[in-house]
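Chemist: One structure follows; several queries about it will come next.
Every read-out reported here was derived from the displayed coordinates using simple, explicitly stated rules and does not represent laboratory data. Everything numeric here is computed off the predicted structure, so don't read it as measured data. As a convention, Cβ positions derive from the backbone with ideal geometry for all residues, glycine included, and neighbour counts pool all protein chains shown.
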Amino acid sequence: MKLNSRNASNKIRIYHRYLGFFLAGIMLVYGLSGIIMVYRNTNTFKKVTQVEMTIDPNLKGEDIGKALRTRVFVDKTEGNIIHFNKTGTYDVSTGAVSYEKAELPYLLDKIEHMHKATVDSPLYYFNIFFGISLVFFALSSFWMFMPSTSVFKKGLYFSLAGAVLLIIMVFV
């Protein structure tokens, strides 16, 4: 059976359609997690809790961070009190620590970690598959309409406008 351009176009449309249906929920979640990640350096969407605990006394800035399993940036030192990360204090003589911890709620945290999966995560393969699928969606959209139609020609104008927007976003 010979594969002509109309037949190939129909096949690509079918793959585009069913892969789109299959990944619709995941695309929704990735879109939402992308929005959440825009706010990752703020406390938007995060729950702030006050943490009070005791660690070893007589630690320095970097060692305080290791004991708390977080990054510690020392703001200032007043006597035996080290102020860190704008909200935290550490009493060098007693080891008493008090600081605010801002974390995403459980479900949002899981979604964000899914979005940021690295090669060390079992989600790595899924993220590669999802990325390839998005590339396929972008390219296969050009086969959704026959090149001779006005919809296809208008689509090319929108593609050009999108390319210009992409260039602006990359260099801003």
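Chemist: What angle, in degrees between 0 and 90 and rounded to the nearest 10, separates the Cα long axis of helix 106-115 from the longest principal axis of the Cα atoms of the chain?
Modeler: That works out to roughly 60 degrees.
Chemist: Here's a follow-up. How do 38, 51 rank when sorted from fewest to most other Cβ atoms within 10 Å of their own Cβ? Working shown, then result.
Modeler: Values: 38 9, 51 13.
Final ranking by Cβ density, sparse to dense: 38, 51.
Chemist: Can you compute the helix-only [θ] at 222 nm over the chain? Use -39500 (n - 2.57) per DSSP H run of at least 4 residues, normalise by all residues, nearest 500 deg cm²/dmol.
Modeler: Working: 5 runs with 91 residues, N = 172.
-18000 deg cm²/dmol, from helical runs alone.
Chemist: Given the Cα-Cα distance of residue 35 and residue 169 and 0.36 nm per residue of separation, how much length would full extension add, in nm?
Modeler: Length gained between residue 35 and residue 169: 46.6 nm.
Chemist: Could you state, as a whole-number percent, how many of the C-alpha pairs of the stretch 47-103 are farther apart than 14 Å?
Modeler: Numbers: 732 of 1596 pairs.
Roughly 46 percent, rounded to a whole number.
Chemist: Label-point separation (nm) for residue 21 and residue 120, each offset 7 Å from Cα along Cα-to-Cβ?
Modeler: 4.0 nm
Chemist: Also: Helix 5-38 versus the longest principal axis of the chain: what angle, 0 to 90°, nearest 10, using Cα atoms?
Modeler: Between helix and principal axis, roughly 20 degrees.
Chemist: Can you give the extra length, in nm with one decimal, that the chain gains between residue 58 and residue 142 once fully stretched, where that is 0.36 nm per residue apart less the Cα-Cα distance?
Modeler: Numbers: separation 84, 0.36 × 84 = 30.24 nm, distance 6.47 nm.
That pair, residue 58 and residue 142, stretches by 23.8 nm at full extension.
Chemist: Follow-up. Would you kindly work out the equivalent ellipsoid of the chain from its C-alpha gyration tensor and give its semi-axes, the square roots of five times the eigenvalues, largest first in whole Å? Present the calculation step by step, with values, prior to reporting the outcome.
Modeler: On the way: eigenvalues 551, 63, 32 Å².
With the √(5λ) rule applied to the chain, the semi-axes are 52, 18, 13 Å.
Chemist: Residues with amide H under 5 Å of residue 95's amide H, sequence separation 5 or more or different chain, H placed in the peptide plane at 1.01 Å from N; which?
Modeler: 58
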